[in-house]
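FYI, it's all coordinate maths here, none of it is from the lab. The structure displayed is predicted, hence computed values, not measured ones. Positions of Cβ are backbone-derived with ideal geometry, glycine not excepted, and every protein chain shown enters the neighbour counts.
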Amino acid sequence: MNPTDSPLDVNAAQNAANPPTPKPGKFDPARLRLNQTFEAGAVNKSSPITVHKPDRHNWFMAHPDPSYHFQTMMLDIKQDREIYLIDPDLREELALELVPRLLVPCITRQSNIFLWPVSLPDSTGRVNTWTQSAMEAVQKAMLGWIRLVANIEGGGYDVYSPRVELDAPKWPNITLEEMLEKAFKHYLIDSLEHPRILALRGEV
């Protein structure tokens, strides 16, 4: 700095050499443009897992690992379309209300996971045509995409396969326990004081 220069002259010279960067406007494309890493981050999305039969209009596949197929006793309230997991300690007490189900993790082409509660033979071991055709559909769904359509007159399910080869699904890194927790977080009965049990017994 020249001894004869004032501080104001020095600041003016510095500002001229390094002009301040203008603040981006609200509609600046550089600020609004989607970051290239956004899509990669979205792969790890957290989605709900529901429990229901396959929708007749959706293609789906069943989890190819049989260890993910989970057999248990459940409370199925068909009128309200609600199905509950039951704590093993309560099964004997609630035996008359429960039905055996095979929970099969499935995935749609939109990468949504659901648990299909497949009916199993009752306590007498009797198998009906609906149960049999559902179990056959599970086996086919483990190998490829299918659509499942109820055939009322035929007493079972019709299974449709795609006309062209479709890409295999990308299953997320999620354990069976995590699936059950997501699906039944609010549908686990672990006490006889549960409102649904009290209602069944006419106590409320």
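Couple of notes before you dig in:
- For G156, distant residues with modelled amide H under 5 Å away: N151
- V51 long-range amide H proximity, modeled H, under 5 Å: L115
- Rounded to the nearest Hz, the phi-derived 3J(HN,Hα) couplings of the range 150-159 under the Karplus curve 6.51 cos²θ - 1.76 cosθ + 1.60 (θ = phi - 60°) are 5, 10, 4, 5, x, x, x, 10, 8, 10, where x marks glycine and proline.
- Long-range lysine pairs (8 or more apart or interchain), the range 48-200, Cα under 20 Å: 7
- Phi to ³J(HN,Hα) by Karplus 6.51 cos²θ - 1.76 cosθ + 1.60 over the range 164-178, Hz, x for Gly, Pro: 10, 6, 10, 4, 5, x, 9, 6, x, 7, 9, 7, 4, 4, 5
- Pair L96, T50: separation of 7 Å Cα→Cβ label points (nm): 3.4
- Estimated vicinal HN-Hα couplings, Hz - the range 74-90 in sequence order (Karplus 6.51, -1.76, 1.60; Gly, Pro = x): 9, 9, 10, 9, 5, 4, 9, 6, 10, 9, 10, 7, 10, 4, x, 5, 9
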